[in-house]
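Novice: Just passing along the structure, written as C-alpha cells.
Derivation of every value follows stated rules applied to the coordinates shown; laboratory data play no part. The structure displayed is predicted, hence computed values, not measured ones. Note: ideal-geometry Cβ built from the backbone for every residue, glycine included; neighbour counts use all protein chains shown.
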Amino acid sequence: MAITNPAITEKPGHTKYPTLFTPLDTGRVHLKNRAVMGSMHTGLESEENGFERLAIYYAERARGGVGMIITGGIAPNRSGGIGSKLSEPEDVARHRLITEAVHAADPLVKICMQILHAGPLARGNPVGPSPIKSRIAKEVPRELDESEIEEQLDDFAQCANLAKEAGYDGVEIISSAGYLLSTFLVEKTNRRTDKWGGSFENRMRFPVEVMRRIRKAVGDDFIVIFRVPAMDMLQGGLSWEEVVMLTKAVEAEGATIINCHFTWHESQVPTIATMVPRAAFTSVTERLRKEITLPIIASNRINMPEVAEEVLSQGKADLVAMARPMLADAELVNKAAEGRTDEINTCIACNQACLDHTFSGKPTSCLVNPRACHETLLNYEPTRAPKSIAVVGAGPAGLAYATVAAERGHDVTLFDAASEIGGQFNLAKRIPGKEEFSETIRYFARMIEVLGIDLRLNTKATAATLKDENFDEVIVATGIAPRIPDIEGIDHPKVVAYIDVITGRKPVGKTVAIIGAGGIGFDVAEFVTHSGPSAALNIDVFAKEWGIDFENHPRGGVTGVEPVVEAADRTVYLMQRKPTAMGRSLGRTTGWTHRITLKRRGVHMLRGVEYQKIDDDGLHAIIEGEARVLDVDTVIVCAGQESLRTLYDDLENEGVNVSLVGGAYEAVELDAKRAIDQASRMAAKV
C-alpha cells in the first residue's frame, strides 16, 4: 500500500513506530496513520446537550493524532433499541455537530459512524431472526417476518445515506457481539427455514444484503467498514470456514475495510478485561488477512504504541483499533509521535468507569482519566492565583490531585512515608492478571517529573512540619488502613493481614480461610491459588485457562475445548457475612471472570457466615445455620477498611486550611475510580 505523504515519517518519534505512522492509501481510502479510535458506547447521546458533548469528545481525540474515528453505535430505526438513532432527516443536524467538530480539529481525520441494531439485546420490544432469548437479555425477541426483514434492510441503507449527508466519511456495519446481524449468522439464534435461515449461505444472507444495499445507497467513494465476528467465543458458533466465507462475501459487495471483533456479550470468555494478554487475538486477524485483499483492523487489548507497532510490523493487521486507550489518553497518538511514550496515561482494562457504566446505564468515563466523556464539565484551566499546596499521600487520590493541581500552575509538594509512589496500586499490580496497574504508577511518576512536583518519599508528614512550611493548603490523601474485625482470637498467630500476604511478608499455609469476599478478598483468593505464569502475560496460559483453541479454530474458537486452570496446591475458603451471592460488589463486566476462575480452582465460597473465634483448632463459625470448625493453617483478613484521617484532625485543630480526599475521606471498598475522580475535580477548582 503506497505511502502518499512521505513527509509524515519525518516527524520526531516516528522512527520508533514507523509502521504505525505509515499512511494507508488503497485508492479508495487514505488515512494519515494506522491508528483507529475504535467504537465505544458513551451514553452521551441520551444526556442533556449530549451531541454537543460528543462533538467535543471526538474532536479532542482527533486533535490527539488518530487517523480514523469510529463512533459508538447508532441505531438505524426505533427498533434498534440503543441510545440514539439516525433514521429521519431531522436527525442529521445533531450528527453534523460531531462531523464538523472533528474535521475542524483535523481535516485529515476520517470519522465513521457505527450502525448498530441491537436485535435481541435491544431495550424494549427486541427483534431477531428467531424467538431465541439471549442469556443476558430480559425478553424473548419477536421473530421478524420477511416483510419486516426487507424494512430493516431499507432502514440500514437509509441510515448510511443520512450519515453521509451528516458529513461522516463512512460507516461501520457491526455483525458481531450478539446484535441483530450476528444472530442471523449463528444456528443457535437462527432457526428459520426460509431463505434467511438454514444453510450458512442463507444465514449470512441478511448481513451480506445489508452490506450490498448500503454500498448501493452511498456510492463507491464512501468508506464502509464491515466488522466480522472473527471468533465469536460461542459453543457452536461460527466455524473458520464460515468466517472466511462471510468476509469474502462482504468484500465482493464493496466493503472498504474489514474490522475484526471477538466474542458475544453473553460469552463466558473474557476478551477485553485486564487479565487478557495484550493483542491476544491478533493471530486470528493475521490468518484472516491472508484470505482477503482489503485492509484489516485488529482490536482488543492494544493499549500502547509499541503493541500497535508490533502487530502492524509483523503483518498481523493493516490498522489497529484502540477504543478504551483513547478514553484514558486522548493524546496517545501524538505522544507516541513525539517520543513521549512514557507520558501516555495507559488504559489498564479495568472496565470500571467505561463498560461497567455502559451496562449500568451511566455515561462512560475512565478510571485513570475522569475527563473522558466529561470534557465540557471537567477541565484543568490554568490558575490565576498560584498556591503552595502540600499533598500528603501518594496513592491514587494524592497522585491525581497533585498532578492536576501542578498542571494548572500550583506549586505542589507531595509527601509519602513509603519509599515509592502508588499506594494500594502497588498491591494491585502484584495480583496475577492486574499487572497493568503498574502502568498507572509509571505514568504518575513521569508526570511528577514533567510538572516539577517536589516529591518527598520516606517522609512522614506531621501537623507540626506542615504548619512550619506555611503551605496555603494541605490535602490529606493518607488513604485507608485494613479494618480489624471484632472476632475472638483475631490476634492468633494464624491470622495475617492481606497486605502481608500480597507483599510476601508473611507465609501462607496449605489450608486458608479468607474473611471478606469483596474485591480485596477475591484478589487475595486469586493470589494464593495462582501458580505458574500469569495468563495476562502469556497467551498460551490464557487460551488454556479459558478454553480457546487459536490454532485449530473450532466453532466459535471454543467448541469442545475444556478450560484447564493450574491452581496452587492449597485449599481455600472465601467467606462473607452476607447471605447474598458472592462477588456482587465486583465490576459488572469483569466480576463473572473472577467468580468463574476461583470456582475452577476449587475455591470454596461460603456465605451467610457468622464468625465465632479463631484458635489452634482453626476458624470456628456458623455457616448457613450449621456450626463448623475449619481446620485452617492461615486466616487472611480482608474485612474492609477504615479511613486514616488523624493527620487531618490534627491540622484542623491547628487552624491549617486542610481538605480530605480519597480513602481518607471515605473508606469503602477500595475504589480508585472514586478516589481519582474526586481528587481531580477538587484540584480543578483549587
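Novice: Find the centroid of the Cα atoms in segment 480-543 and in segment 575-622, then give the distance between the two in whole Å.
Specialist: Using only Cα atoms to place each centre, the spacing works out to 12 Å.
Novice: Charges on Cβ only, +1 for Lys and Arg, -1 for Asp and Glu, centred on the Cα centroid of the chain; of Met275, Gln678, Thr256, which one is farthest towards the dipole's positive end?
Specialist: Result: Thr256, furthest along the dipole toward the positive end.
Novice: With a Förster radius of 51 Å, plug the Cβ-Cβ distance of Asp468 and Glu566 into 1/(1 + (r/R0)^6) and report the FRET value to the nearest 0.05.
Specialist: With a Förster radius of 51 Å, E is 0.40.
Novice: Dipole magnitude of the chain about its Cα centre, charges +1 at Lys/Arg Cβ and -1 at Asp/Glu Cβ only, in debye to the nearest 20? Provide the component values of the computation, followed by the final result.
Specialist: Values: 77 positive and 93 negative charges, 170 e Å.
My answer is approximately 820 debye.
Novice: Output the 0 to 90 degree angle, nearest 10, between the alpha-carbon long axis of helix 240-252 and the longest principal axis computed from the alpha carbons of the chain.
Specialist: Once rounded, one gets 50 degrees.
Novice: Hey, how many Å between the Cα centroid of segment 291-353 and the Cα centroid of segment 198-217?
Specialist: Here the two parts' Cα centres lie 31 Å apart.
Novice: Using the alpha-carbon atoms, what tilt in degrees (0 to 90, nearest 10) does helix 591-600 show relative to the longest principal axis of the chain?
Specialist: 80
Novice: To continue, here is another question. What angle, in degrees between 0 and 90 and rounded to the nearest 10, separates the Cα long axis of helix 437-450 from the longest principal axis of the Cα atoms of the chain?
Specialist: 80
Novice: Based on alpha-carbon centroids, what's the gap between segment 87-145 and segment 405-461 in Å, whole number please?
Specialist: Spelled out, the Cα-based centre of one part sits 41 Å from the other.
Novice: Right, something else. Where does each of 68-80, 562-574 land if you order them by average Cβ count within 10 Å, highest first?
Specialist: Top of the packing list down: 68-80, 562-574.
Novice: Between Asn125 and Arg456, 0.36 nm times their residue separation minus their Cα-Cα distance comes to what?
Specialist: Fully extending the segment from Asn125 to Arg456 adds 113.3 nm.
Novice: Would you please put 612-622, 38-48 in order of how densely packed they are, using the mean number of other Cβ atoms within 10 angstrom per residue and starting with the highest? Please list the in-between numbers first.
Specialist: Values: 612-622: 17.1, 38-48: 19.6.
So the peptides 612-622, 38-48, ranked by packing, come out 38-48, 612-622.
Novice: Something else: Using each residue's phi in segment 174-181, evaluate 6.51 cos²θ - 1.76 cosθ + 1.60 at θ = phi - 60° and report the 3J(HN,Hα) Karplus result to the nearest Hz, with x for Gly and Pro.
Specialist: My calculation for segment 174-181 gives 9, 10, 9, 6, x, 7, 3, 4 Hz in order.
Novice: Would you pull out the residues with amide H under 5 Å of Val658's amide H, same chain only if 5 or more places away, H placed 1.01 Å from N?
Specialist: Placed amide hydrogens put Val474 under 5 Å from Val658.
Novice: Between Lys195 and Thr376, what FRET efficiency comes out of the Förster formula 1/(1 + (r/R0)^6) with R0 = 60 Å and r the beta carbon distance, rounded to 0.05?
Specialist: 0.80
Novice: How large is the translational diffusion coefficient of segment 6-341 in µm² per second when you combine the Kirkwood radius over alpha carbon pairs with Stokes-Einstein at 37 °C and 0.692 mPa s? Each step should come with its number before you reach the end.
Specialist: Working: Rh = 19.9 Å.
Estimated diffusion coefficient is 165 µm²/s.
Novice: Given Cα pairs under 8 Å that are at least 6 residues apart, what percent is the relative contact order of the chain?
Specialist: Rounded, it is 12 percent for the chain.
Novice: Taking a threshold of 23 Å on the Cα-Cα distance, which of the pairs Lys16/Lys544; Lys494/Lys613; Lys494/Lys673; Lys434/Lys494 fall above it? Walk me through the numbers on the way to the answer.
Specialist: On the way: Lys16/Lys544 34 Å; Lys494/Lys613 12 Å; Lys494/Lys673 33 Å; Lys434/Lys494 27 Å.
From the list (Lys16/Lys544; Lys494/Lys613; Lys494/Lys673; Lys434/Lys494), the Cα-Cα distance tops 23 Å for Lys16/Lys544; Lys494/Lys673; Lys434/Lys494.
Novice: Can you give the helix-only mean residue ellipticity at 222 nm for the chain, where every DSSP H stretch with n ≥ 4 adds -39500 (n - 2.57) and the sum goes over all residues, rounded to the nearest 500 deg cm²/dmol?
Specialist: It lands at -9000 deg cm²/dmol.
Novice: Rounded to the nearest 5, what % of DSSP beta bridges with both residues in segment 6-341 are antiparallel?
Specialist: For segment 6-341, the DSSP antiparallel bridge percentage is about 5.
Novice: While we're looking at this one, here's another question. Quick check on packing: order 674-682, 523-531, 128-136, 463-471 by the mean number of other C-beta atoms within 10 Å, highest mean leading.
Specialist: 674-682, 523-531, 128-136, 463-471
Novice: Now for a separate question. Report, for the chain, the % of DSSP beta bridges that are antiparallel, rounded to 5.
Specialist: Of the beta bridges lying entirely in the chain, close to 20 percent run antiparallel.
Novice: Here's a follow-up. Starting from the Cα of Asn552, step 7 Å along the direction of its Cβ; do the same at Gln235; then give the gap between the two resulting points in nm.
Specialist: 1.7
Novice: Choose one of Ile487, Ile539, Ser388: the residue whose Cα lies farthest towards the positive end of the charge dipole of the chain (beta-carbon charges +1 Lys, Arg; -1 Asp, Glu; about the Cα centre).
Specialist: Ile539
Novice: Also, I was wondering about something else. Quote to one decimal, in nm, the extra length available between Leu537 and Glu626 on full extension: 0.36 nm per residue of separation minus the C-alpha distance between them.
Specialist: 27.8 nm
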